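Computed from the coordinates by the stated procedures, all read-outs in this text should not be read as laboratory data. Note that the structure is predicted; figures quoted are calculated from it, not measured. With ideal geometry, Cβ positions are generated from the backbone for all residues, glycine too; neighbour counts draw on all protein chains shown.
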Amino acid sequence: MPTFAQKTQSKCTTKANINKGSAVSKTVAKTGTGAVAEAMRQINPDVVAAYPITPQTAIVEEFSSFAANGKVKTEMITVESEHSAMSACIGASAAGARVMTATSSAGLALMWEVLYVAAGCRLPIVMPMVNRALSAPLNIHCDHSDSMGARDAGWIQLYSENSQEAYDNVIQAVRIAEHSDVRLPVMVMLDGFITSHAIERFDMIDDKTTQAFVSEFKPFSPLLDTDKPSTHGPFDLFDYYFEHRRSQAEAMKKSKQVILDVAKEYEKLTGRKYDLYKSYQLEDAEVAVVVLSSTAGTAVSVVDKLRDEGIKAGLMVPRVIRPFPAEEYAKALTHVKAVSVMDRSDSFNAEGAPLYTELTAAMYQSGGRPVMSNYIFGLGGRDVHPSDIEKVYRDTLDNAHNGKVKKAVNYLGVRGDE
Amino acid sequence: MSKLKWQELTPGGVITEPGNSKSYRTGDWRSRRPIWNKDACSHCMLCPIHCPDSSIKVKDKKMTGIDYDHCKGCGICANICPKNAIEMHNESEYK
């Protein structure tokens, strides 16, 4: 019987995930962080600058051992903070190196200033980002507050449901980031502990194929090219800053097609399909839930249960949050009567959470207007059970029947009756 | 120098032509304009040394004028001049 993860593999075929690609592939059992470290080993970046933070630490820890044992030719830069880690990545990337780092939570928050610099300088840095809550209160467990807060920093954001997707997304991220139409940094998200520290099986393609797929990095006017001297990150005033920002916006716009093209090419190697989002039983659904990352697996089991009862339940799992594919996401949901968006973060805007507000805005421009509600859940690693998701579906069914939402923004699984 | 459109820029504003700051007219920033009184000048060469923008034109050890394309109007030259041969005027008088 296929696992939930396999069921929800892009566009959700219910067939088992049989590798039909041209690459030599082996199935291994590893943690999510181990899967990401293996992807990094195969990519063999020129420079990795990183600082430890739970739950990311295991990625760079394992990768460091690859570097120490000569499995990669990477220059490891140990730094005193994440601000320095990202700064070192920016310098190395501008110098012409293929660069990676990894972080979580407060580490990402400490990078804040330089995240924008990496994007503004158009440096194709790839960063696995293990989702963890932000302080205070201090918490090390999974929610999406960290990456959601950074969604306007100019980085492409890909979300992964499981180890397989994290591994695949990291490899694809290199090609997306470095594409001449894009030249933007990419974050690849995986859920802290749930995905990062659980051992799962996933398929790994061989080193040679990965190397050939990522191919050689061709930097734009690198600093180390002394025959063609260049200046990176110059001062920009009111007469040019706006134009540079406009061209950055265009790169983000163009990245959507590049993400799809890279996915097609990757599918030829692995047989695994990737899209902007994946869906399960959505085509004829009357009610749908939208949720990111590991919770998707749990939601699939709830859809199966409801379908057995004759309820037309569907699921949508976005993979790409930046760029935000508003048109495609709206199109996928436009026929549904009622939609509930489950957000594993809160905006503290006294209204809805990030995914809900952006999807609602996307629906406004589309023809169909399903009634939309928001469920904020799982903050600080609070478990979400099938029964919680079932409650969301039942509420959504009520909304569909009534043609309006009972309550737009809800907190799911919190004590004290919301 | 005509200004470029966003489609014409290098990614990230990378400058691929070294030393092109000369073609950037920082004189546009000026709100006060130094006016040189040639007759009062003793060519002591204090102002070219003090000018932070190399905007005092000199030829054969003689001051020949002011480079208004790059002078930001800081007024150091007027302040340092022992002969009061440079006076600062409002830029609005010249526009």
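For the stretch B:28-94, report the translational diffusion coefficient in µm²/s to the nearest whole number, using Stokes-Einstein at 10 °C, 1.306 mPa s, and a Kirkwood Rh over Cα pairs.
134 µm²/s
What do the square roots of 5 times the Cα gyration tensor eigenvalues come to for the stretch A:277-411, in whole Å, largest first, as semi-axes of the equivalent ellipsoid?
19, 18, 15
Quick one: of A:Lys305/A:Lys331; A:Lys20/A:Lys254; A:Lys20/A:Lys278; B:Lys61/B:Lys83; B:Lys22/B:Lys72; A:Lys278/A:Lys337, which pairs are farther than 21 Å apart, Cα to Cα?
A:Lys305/A:Lys331; A:Lys20/A:Lys254
Within chain A, what is the longest stretch that has no chymotrypsin sites (Phe, Trp or Tyr not before Pro) placed in a DSSP loop and near at most 10 other beta-carbon atoms within 10 Å?
Longest run free of exposed loop sites: A:1-234.
Each label point is 7 Å from the Cα along the Cα-to-Cβ direction; what then is the distance between the points at A:Thr78 and B:Lys59, in nm?
6.3 nm
Determine the equivalent ellipsoid of chain A by diagonalising the alpha-carbon gyration tensor, then write out the semi-axes as square roots of 5 times the eigenvalues, largest first, rounded to whole Å.
So the three semi-axes of chain A are 35, 24, 20 Å.
Tell me, which cysteines of chain B are without a disulfide-compatible partner by the Cβ under 4.7 Å rule?
Lacking a cysteine Cβ partner under 4.7 Å: B:Cys41, B:Cys44, B:Cys51, B:Cys71, B:Cys74, B:Cys81.
Along the three principal axes, how long is the stretch A:100-226 when you take its alpha carbons, biggest first, rounded to the nearest angstrom?
49, 36, 21
Give the longest segment of chain A that steers clear of trypsin sites (Lys or Arg not before Pro) in DSSP loops with at most 14 neighbouring Cβ atoms within 10 Å, not counting the sites themselves.
A:74-403
Return the calculated 222 nm mean residue ellipticity for the protein assembly as shown, to the nearest 500 deg cm²/dmol, obtained by summing -39500 (n - 2.57) across DSSP H runs with n ≥ 4 and dividing by the residue count.
-10500 deg cm²/dmol
Just flag the GluC sites (Glu not before Pro) in the stretch A:254-355 sitting in loop per DSSP whose Cβ has no more than 14 other Cβ atoms within 10 Å.
Hits after loop and neighbour filter: A:Glu283, A:Glu309, A:Glu351.
Can you give the % of DSSP beta bridges in chain A that are antiparallel, to the nearest 5?
25 percent
Tell me which aspartates and glutamates have Cα within less than 15 Å of A:Lys273's Cα, excluding those fewer than 8 residues away on the same chain?
Within reach: A:Glu161, A:Glu165, A:Asp168, A:Asp203, A:Asp261, A:Glu265.
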